Amino acid sequence: MFYVFVFIWAFAIVAGITMVWLLAWAIRQGEFKNLRAGARSIFDENEPEGKVTDYFPGEAPLMRQLEVRR
Amino acid sequence: MSAAVETNPQVEVVSRIEVDRSAEGAVTIYWASALFWLTIATIAGLISSAKLHSPDFLGNIEWLTFGRIRPVHWDTAIYGFGGTAASGTLLWLQARLCQTRIPFPALLIAGGVIFNVGILLGSIGVLMGQSTGVETLELPLYAMPLLVIPYVFIVIANFKMYFTRKTSHTYVSQWYLMAVTVWFPILVLSAEACTNLGAVDGVAQAIANWWYGHNVVGLFATPTGIAAAYYLIPKVIGKPIHSYHLSLLGFWSNAIFYNWAGTHHLTGGPLPAWTITIGVVGSLMMFIPVITIGINHHMTMLGSFHHLKTSPTLRFAVMGSMIYTLSSFQGSLESLRSHQEITHFTHYTIGHVHFGMYGFFAPLMFAMMYYAMPRLTGNEWSSARLIRIHFWCTLIGMLVYAISMCYAGIRQGMMMNDPTAPFLDIVRFTVPFLWIRTLGGLILFAGTIAFLINFWRIVQPHRLRFVTPTLMTTERDYNMLLNKEKELEQNDK
Amino acid sequence: MTSRKIGLTLGVFLTITASVTGLVIVPNWQFRELQPVKKADGSQYPMPLFGEQAKGREVYIDQGCIYCHSQQIRMKGYGADIRRNWGTRRSVPRDYIHEKPHQLGTMRTGPDLASIGSRQPSTVWHALHLYDPQITSPGSIMPRFQYLYTELRDGEALPPGTFEADVVKIPPQFQKNGVTRLMPTDRGKALVEYLKGLNKTFPLPEAAQ
């Protein structure tokens with residue numbers, strides 16, 4: 001039983017130190033800079049910010065005008 | 001270290017259309033299997049549900065006795081539907097976010113087939129009475145390699161895409177997807193080792209069992225669902241997520257706390273108090289990621305709710321993310337000892353599981369499919385009406401199910417804690433609610449059928465296009481797609 | 001940016017190894033020390049199952065009884081398990097040292113079975129209850145396990161290899177289609193033996209706290 005508790009404590013301390021170290025390392029690496037750019041990385045020239053990309057079939061504004069059939 | 005402009009020059013730039021095209025075979029096979037298993041799981045669920053209020057329904061058939069069809073319901077729903085839907089999501093989302101073609105498509109397709117055979121064999125095994133007897137891990141051992149091998153393919157493909165990608169940013173969704181591929185194999189292997197392979201027994205096995213049972217939802221279904229929401233909501237409405245800082249906090253707190261929460265499934269049981277306390281603390285700490293993720297999803301939506309009217313993807317995604325918040329709050333509160341005293345052994349738990357899985361995870365997978373399938377196949381969904389039916393059936397069926405079961409569970413638990421209430425009176429009290437649950441299940445089933453019809457039509461060959469894809473919102477997009485397709489066809493020749 | 005990618009992978013790997021260690025490995029160390037205790041008559045508690053009872057446990061597992069029945073008693077003052085007479089004391093890890101796979105259960109659509117053997121020691125009751133729950137518990141939603149029994153009509157001879165002693169008579173008011181007696185199959189008999197043997201009433205010292 002005693003060793004179980006020793007182990008739990010040792011493990012908790014090691015894990016805690018590792019976590020703090022990882023966080024410090026991530027900050028040094030610049031992980032927290034440029035976060036806004038990260039959020040925008042899903043957009044590109046063809047599907048820029050502000051463009052809605054999903055409609056019910058046949059109900060997109062452009063398609064109502066075009067009514068193209070292939 | 002300006003990550004924003006950094007790109008990997010060795011990797012060629014791949015356009016979105018090429019990415020989607022490369023993913024078509026593999027992802028479609030996973031999602032088609034997902035729908036197949038969803039149908040089977042719903043039928044198995046309906047049979048189990050009906051058997052609880054009318055025990056003689058399909059009575060005296062040993063293969064379909066409640067204790068066998070009920071685990072088949074879980075296994076086909078979690079591994080059959082959840083496993084394949086999440087795998088398809090993972091592959092497509094990772095390919096898109098890394099802007100790379102899907103590697104080894106043939107291997108992945110073969111993996112999809114093997115996985116289905118595994119689930120089929122396993123389910124038949126359980127129906128024949130070969131269940132391992134470990135709740136949540138019932139599939140017989142001979143089926144497990146067939147489930148593990150395809151997943152190894154997916155893990156390899158995922159790592160390959162992630163480590164050879166062109167983009168420099170790791171988007172939030174990718175954190176979750178990478179985490180899933182690291183977590184899930186470890187989760188399954190340790191759980192199988194501790195239960196069915198017999199490394200531990202007795203109460204230690206029960207802890208391992210519920211550590212797994214909770215984590216298979218928390219470290220597999222949930223992160224995939226969140227990844228889908230983090231991509232779909234901003235992408236559909238064309239607005240970046242509310243706060244990237246918060247998403248970072250949400251991710252790591254989720255990663256740290258969720259996997260400690262499982263032992264609350266054994267509250268009151270023969271466990272040392274500290275294991276339960278860890279479970280409760282873990283569950284309560286989940287408020288941090290849930291609130292941050294909730295803020296991020298809902299604040300992004302703020303001001304864009306009118307798009308719900310016009311976008312099927314957004315409807316399902318927002319339903320999923322809202323129920324994620326609700327069901328996670330419910331789950332955290334449920335872990336409290338005073339709450340568990342009442343609801344632990346009752347239908348409340350069943351209501352909560354379905355609220356989470358069918359209210360949060362499944363709609364996000366549906367949203368994923370609604371968004372991606374037209375882009376993968378170049379076809380459009382054949383019927384807007386069927387999509388609407390699917391949405392309303394999912395929402396209403398889910399609410400009927402969750403509310404009736406949670407209410408019945410609370411009352412059932414209170415009666416059980418009153419020693420003067422005869423047990424059979426409690427059983428009689430729950431029967432009307434079990435009927436309501438069957439009704440809720442039937443509504444969900446109707447929605448599934450509507451989706452199946454639509455899905456069947458969209459995977460037909462290109463010459464059977466029903467309408468022009470609406471996913472092209474400007475003429476420029478449309479012409480671009482036409483040109484690209486011509487180009488690709490010439491390349492093929 | 002490979003270091004960042006490896007960092008993410010390593011980080012998530014650490015989070016799960018932490019919980020495997022904390023919730024799976026450490027409790028196992030704690031429980032591995034547990035040994036059976038000697039009773040006053042020289043026998044041990046808990047005893048590993050063998051013979052009919054072990055076979056019955058297989059049937060219990062393959063019929064999926066766990067999905068409606070738990071086998072664990074919560075402590076006094078937490079729920080009404082003991083006041084409902086489902087057990088005399090709370091269950092403790094030592095009760096389960098031989099259980100492989102464990103059948104603790106998390107649902108009580110039906111009552112707890114941790115000590116069903118001491119509560120209901122009658123073979124006939126169990127046989128009738130499994131054959132048709134409505135005979136012993138009207139209003140029950142438990143399935144009928146008719147396939148664990150051979151139905152015998154009036155005057156019908158016993159199946160070969162079975163003994164008159166195992167026959168269960170159905171009370172007259174519940175006889176249907178001329179079936180008056182039941183002969184349990186091997187599995188049916190084993191399941192009843194297992195249920196009758198379920199008994200966690202022996203007062204273990206650590207359960208008294």
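General observations
- Subset tally (residues that are over 22 Å from B:His242 (Cα atoms) and within 14 Å of chain A (Cβ to nearest Cβ)) for the stretch B:148-178: 2
Quick grid of which residues meet (1) at the interface with another protein chain (Cβ under 9 Å from one of its Cβ atoms); (2) modelled with pLDDT under 90; (3) within 24 Å of the chain's Cα centre (by Cα):
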{"residue": "B:Lys235", "(1), (2), (3)": "yes, no, yes"}
{"residue": "B:Ile256", "(1), (2), (3)": "yes, yes, yes"}
{"residue": "B:Gly262", "(1), (2), (3)": "yes, yes, yes"}
{"residue": "B:His265", "(1), (2), (3)": "yes, no, yes"}
{"residue": "B:Gly268", "(1), (2), (3)": "yes, yes, no"}
{"residue": "B:Pro272", "(1), (2), (3)": "yes, yes, no"}
{"residue": "B:Leu284", "(1), (2), (3)": "no, no, yes"}
{"residue": "B:Phe287", "(1), (2), (3)": "no, no, yes"}
{"residue": "B:Val290", "(1), (2), (3)": "no, no, yes"}
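- Residues of the stretch B:115-161 that turn out to be within 22 Å of the chain's Cα centre (by Cα), of a type in the set (Ser, Thr, Tyr) and either under 30 Å from B:Thr100 (Cα atoms) or part of a helix (DSSP H, G or I) (or both), as a count: 2
- Exactly one residue out of C:Pro27, C:Pro111 is assigned to a helix (DSSP H, G or I) and within 9 Å of another protein chain (Cβ to nearest Cβ), and it is C:Pro27.
- Looking only at the stretch C:88-104, and only at residues there that are of a type outside the set (Lys, Arg) and not in a loop (DSSP other than H, G, I, E, B), the one that is farthest from the other protein chains (Cβ to nearest Cβ): C:Asp95
- Taking every residue in the stretch B:332-361 that is within 15 Å of B:Thr222 (Cβ to Cβ) and pairing it with any residue that is not in a helix (DSSP H, G or I), at least 6 positions away or on another chain, the pairs with Cβ-Cβ distances below 9 Å are B:Ser332/B:Met286.
- Members of the stretch B:48-66 found to be surrounded by fewer than 19 Cβ atoms within 10 Å (Cβ to Cβ) and assigned to a helix (DSSP H, G or I), listed by number: B:His53, B:Glu62, B:Trp63, B:Leu64
- Candidate set from the stretch C:191-209 (those that are small (Gly, Ala, Ser) and over 10 Å from the mean Cα position of the chain (by Cα)); member that is surrounded by the most Cβ atoms within 10 Å (Cβ to Cβ): C:Ala207
- If the condition is being touching a residue at least 12 places away in the same chain (Cβ under 8 Å) and at the interface with chain B (Cβ under 7 Å from one of its Cβ atoms), then the stretch C:61-77 contributes C:Ile61, C:Gln63, C:Cys65, C:Ile66, C:Tyr67, C:Ser70, C:Gln72, C:Arg74.
- Restricting the stretch B:112-131 to residues that are of a type in the set (S, T, N, Q) and closer than 15 Å to B:Thr76 by Cβ, the residue that is modelled with the lowest pLDDT: B:Ser131
- Residues of the stretch C:111-153 that are acidic (Asp, Glu), in contact (Cβ under 8 Å) with a residue 40 or more places away in the chain and more than 15 Å from B:Pro55 (Cα to Cα): C:Asp112 alone.
- When B:Gly303 is tested against (1) within 14 Å of chain C (Cβ to nearest Cβ); (2) farther than 20 Å from B:Ile403 by Cβ, just one condition goes unmet, and that condition is (1).
- For B:Ile403, the requirement of being of a type in the set (Val, Ile, Thr), within 28 Å of B:Val431 (Cα to Cα), part of a helix (DSSP H, G or I) and over 21 Å from the mean Cα position of the chain (by Cα) is not met.
- Restricting C:Arg84, C:Arg89 to those that are over 26 Å from B:Arg70 (Cα atoms), surrounded by 18 or more Cβ atoms within 10 Å (Cβ to Cβ) and in contact (Cβ under 8 Å) with a residue 40 or more places away in the chain reduces the list to C:Arg89.
- Looking only at residues in the stretch B:179-198 that are part of a loop (DSSP other than H, G, I, E, B) and within 8 Å of chain C (Cβ to nearest Cβ), the one that is modelled with the lowest pLDDT is B:Gly198.
The values are calculated or read from the model by the stated rules, or taken from the named source; none is laboratory data. Here the structure is a predicted model, which is why all the values come from computation and not from measurement. Note: ideal-geometry Cβ built from the backbone for every residue, glycine included; neighbour counts use all protein chains shown.
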